[in-house]
1. Identify all lysines with a Cα-Cα distance to residue 362 below 26 Å; exclude those on the same chain that are fewer than 8 residues away in sequence.
2. Per-residue ellipticity at 222 nm for the chain, helices alone: DSSP H runs ≥ 4 residues times -39500 (n - 2.57), over residue total, nearest 500 deg cm²/dmol?
3. I want the local charge near residue 88. Using Cβ-Cβ distances under 10 Å, sum +1 for each Lys or Arg and -1 for each Asp or Glu among the other residues.
4. Might you report the magnitude of the Cβ-based charge dipole of the range 34-96 about its Cα centre, with Lys and Arg at +1 and Asp and Glu at -1, to the nearest 20 debye?
5. Find how much the distance from residue 310 to residue 442 grows on full extension, using 0.36 nm per residue of separation minus their present alpha carbon separation; answer in nm with one decimal.
6. Please state the relative contact order of the range 1-121 as a whole percent: Cα pairs under 8 Å, 6+ residues apart?
7. May I ask you to give the solvent-accessible area per residue for the chain, in square angstrom, as obtained with a 1.4 angstrom probe?
8. Binning at 5 angstrom from zero up to the longest distance, how are the C-alpha pair distances of the range 307-399 distributed in percent?
Amino acid sequence: MSDVSAPVIALGHRFADELPEMAVSWQAAPVAEPRLLVLNDALAVELGLDPEWLRTGDGLAFLTGNRLPEGAAPVAQAYAGHQFGGYSPRLGDGRALLLGELGGRDLHLKGSGRTPFARGGDGLAAVGPMLREYVISEAMHALGIPTTRSLAVIATGKSIVRENLAPGAILVRVAASHLRVGSFQFARATGDDALLGRLVAHAVDRHYPRAGDALGLYRAVVGAQAELIARWMLTGFIHGVMNTDNMTISGETIDYGPCAFMDAFDPATVFSSIDEGGRYAYGNQPAIAQWNLARLAEALIPLLDDDQEQAITKATEALGEFRGRYAAATLHGFRAKLGLTGSEIDDAALTSLTEDLLALLKAHRTDFTSFFRNPDEAGDDFGDWIRRWRSLGPDTEAMKRVNPVYIPRNHLVEEALAAATDGDLDPLRRLLEAITSPFDERPGLARFAEPAPPEFGTYRTFCGT
């Protein structure tokens, strides 16, 4: 018997209380033989949880949703969404469960069994995709990009059917909330403006207390998403499935399915196996974000003004702020990436410098991450540009504080996930060691800074459902 005492945990259920029309009371499927694969000790402590207790049988029962504290009210959340441009009025947590709120944040399971929203799915998840979300989300956090977090991945001891049999797992996710554009689409589709108003009030109070009303909330979300997408672009991150149900109101990155980081720079880069038309390619992400935000505006129209034409005008003006916010955030980011924060170069000249660089990176298929870490090693093809940049007096030491040396390289992620699926967690641990301190170059980690070898070939990712 463990000598670690059980803590007192209070899981709030504010979402379920305030928005019962969007919550279905539900329980996680039983897990007879849970086995902890990875636990985020630092995040556990941040949430007020004892990592040692979480490793006990009672702790694992809590993490899998099988033994919750008294008063907990787990629910599956309802939402709608545009998926690859096509509208689905009823999506929801088909294989996920909101256990409740802890320290003001959601504690959420993924792969915890079928819910009433499961449609044809089995409600389960495999070890590989759940570990992928753990790896990528923690890398994003270390890079300073707003993101949902991963607290743990637990093997269920059961095999699930995908292309082949795969070991099952549950991801424990932490988020500022799971409110998304699709949540507002669902509320609007009910035709109940009172419900839509309560949802807005809930979101304002939880995320943007100074927003005041629906229009203030919308402007805040537009700004948060402009900043977020700029950060994605500055690190070469490709989400892969930017459906409206995967865009949060909080401005956090969510749902790490067919995501990946770009190696050789090319705006047309697509990794997702299901994105055959390239809708969610790297270079399309800003435009898709703006498209998603337009769908949010449509959902909020009844609350923006009693006069529909005035409501549309207000929404259009607020959405128009996206482009300027995104451009400013991107330019600010490139100024830092190029070590020019102390330079007197104006925005127009910096824009020209950056555009010329991106054209060179694309033409020579240069590794996006490595270039900014060591521009002088780019080769003769970049000679004129390097001289031009050098003449501006860049601070190369400052560059090392914003340009990572380690990211989740796709070949290394696949290597770690394949090993973990077969029971070997050592490659996963080594990868996490590198990417969770991405700016500090360390001995023994050279292979984690290297681009994929040529034999890695064309890379494709999968949703992992």
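1. The reachable lysines, counting only those whose Cα sits under 26 Å from residue 362, are 337, 400.
2. -12500 deg cm²/dmol
3. Spelling it out: positives minus negatives among the neighbours equals +1.
4. So the magnitude is around 400 debye.
5. Here the answer is 41.8 nm.
6. Dividing the mean separation by the residue count of the range 1-121 yields 28 percent.
7. Computed with neighbouring chains in place, this is 42 Å² per residue.
8. 2, 12, 21, 21, 14, 8, 5, 5, 5, 4, 2, 1, 0
The values are calculated or read from the model by the stated rules, or taken from the named source; none is laboratory data. Keep in mind that what you see is a predicted model, and the values were worked out from it rather than measured. Cβ coordinates were reconstructed from backbone atoms using ideal geometry, including for glycine residues, and neighbour counts include every protein chain displayed. Ligands, DNA and RNA are stripped out before the accessible areas are found, and what is left, the full protein with its side chains, is counted by its heavy atoms. Shrake-Rupley method; radii C 1.70, N 1.55, O 1.52, S 1.80 Å.
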